[in-house]
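Notes follow once the structure below has been shown.
The values are calculated or read from the model by the stated rules, or taken from the named source; none is laboratory data. Only a predicted model underlies this, so the values are computations on that prediction, with no experimental measurement involved. With ideal geometry, Cβ positions are generated from the backbone for all residues, glycine too; neighbour counts draw on all protein chains shown.
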Amino acid sequence: MNPMLSDQSFMLVVGVAAFVSFWALWLAITWRPPMEARLGALRTRRMKTRGEQAGVARPSTKAASIGAMRMLTTRLNLLRGAAADQTTRKLRLAGFFSRDAAVVYMFIKLVLPLALGFVMILLTSITNLLPVADNMVLPISIGAVLAGFMLPDLYIKNVTTKRRETLNYVLPEGLDLLTICVEAGLSIDAAFRRVSKEMAESMPELAAEFEMTAIELTYLPDRQQALENMAERSDSSAIAALVNALRQTEKYGTPLANSLRILSQEFRQTRASKAEEKGARMPALMTVPLMIFILPTLIVVLLAPAIMSIFV
């Protein structure tokens with residue numbers, strides 16, 4: 001076989017594989033599970049007629065892509081067993097409540113290492129866009145594959161942490177509005193729905209949690225289960241304290257407005273104490289940048305005139 005023809009065939013195969021990997025990676029990254037669609041589907045479930053349910057919807061490109069991802073993950077048995085439940089719970093903690101979130105997540109974990117490995121081989125060995133020694137091509141490619149395995153988990157962990165911090169930060173204001181609604185005579189599910197409507201633009205994370213809880217309080221036969229679901233979705237100590245207060249109110253009939261007002265004050269004090277703690281740590285954190293960037297400049301400014309006068 002002609003060596004040049006063999007090299008061209010190999011480059012063609014690598015190029016096609018890289019294109020397919022790029023396409024799959026772009027498709028997986030640009031897809032976002034919309035919580036609003038889930039909430040809208042729950043709100044309009046009782047309003048659908050039999051004629052609308054019998055209507056055949058035209059399959060969209062997004063639905064076809066999700067179907068292909070689901071077929072691949074199902075054939076590889078990636079969504080079975082306890083690992084699938086843990087993945088779903090992890091995505092819920094990050095705020096991804098769509099039923100297709102686990103499919104997209106597993107597809108990304110499957111495709112991203114291969115895509116990064118192909119891209120690194122393409123850049124180092126085929127096109128030579130990255131000048132790398134021959135003995136370093138394999139370690140760099142292996143590192144890219146390992147990075148592809150780790151990046152989805154790091155992203156989900158980062159989103160989960162930011163979401164939990166956001167919920168803890170905005171909860172006092174939400175509790176104030178919830179207290180006003182309860183004192184006005186609204187039930188707890190109506191109060192959740194009203195507060196979520198008012199906070200949809202300013203505090204979307206907490207508004208989504210309250211609206212989901214209001215919907216579950218309406219549909220689920222056990223109201224305690226709806227409150228437990230809110231605590232499980234948020235993974236926040238503040239939300240857990242709110243859930244405990246609501247459960248005690250449901251069980252013992254204690255005044256809800258007083259409990260919400262006390263919780264709001266405690267959470268606001270906790271938030272202020274954390275801000276003061278961060279402010280108290282600033283001098284220690286600024287010591288190293290001060291010594292590295294400011295102190296040498298100050299020494300040069302002070303000693304430069306004396307040194308120049310000596311040599312001049």
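Residue 179 - would you say it is without any contact (Cβ under 8 Å) to a residue 24 or more places away in the chain and assigned to a helix (DSSP H, G or I)?
Answer is no for this residue.
Here's the yes/no breakdown for (1) crowded, with 21+ Cβ neighbours inside 10 Å; (2) closer than 22 Å to residue 161 by Cβ:
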| residue | (1), (2) |
| --- | --- |
| 211 | yes, no |
| 222 | no, no |
| 229 | no, yes |
| 250 | no, no |
| 272 | no, yes |
| 275 | no, yes |
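Take the residues in the range 118-147 that are small (Gly, Ala, Ser) and modelled with pLDDT of 85 or more, then tell me which one is farthest from residue 92 (Cα to Cα).
For the range 118-147, the residue satisfying everything is 143.
Only one of these conditions is not met by residue 194: (1) part of a helix (DSSP H, G or I); (2) modelled with pLDDT under 90; (3) assigned by TED's automatic domain parsing to the domain that holds residue 234. Which number is it?
Exception for residue 194: condition (2).
Name the pairs: first residue in the range 241-269 and closer than 22 Å to residue 229 by Cβ, second residue part of a loop (DSSP other than H, G, I, E, B), Cβ to Cβ under 7 Å, at least 6 apart or on different chains?
248/254
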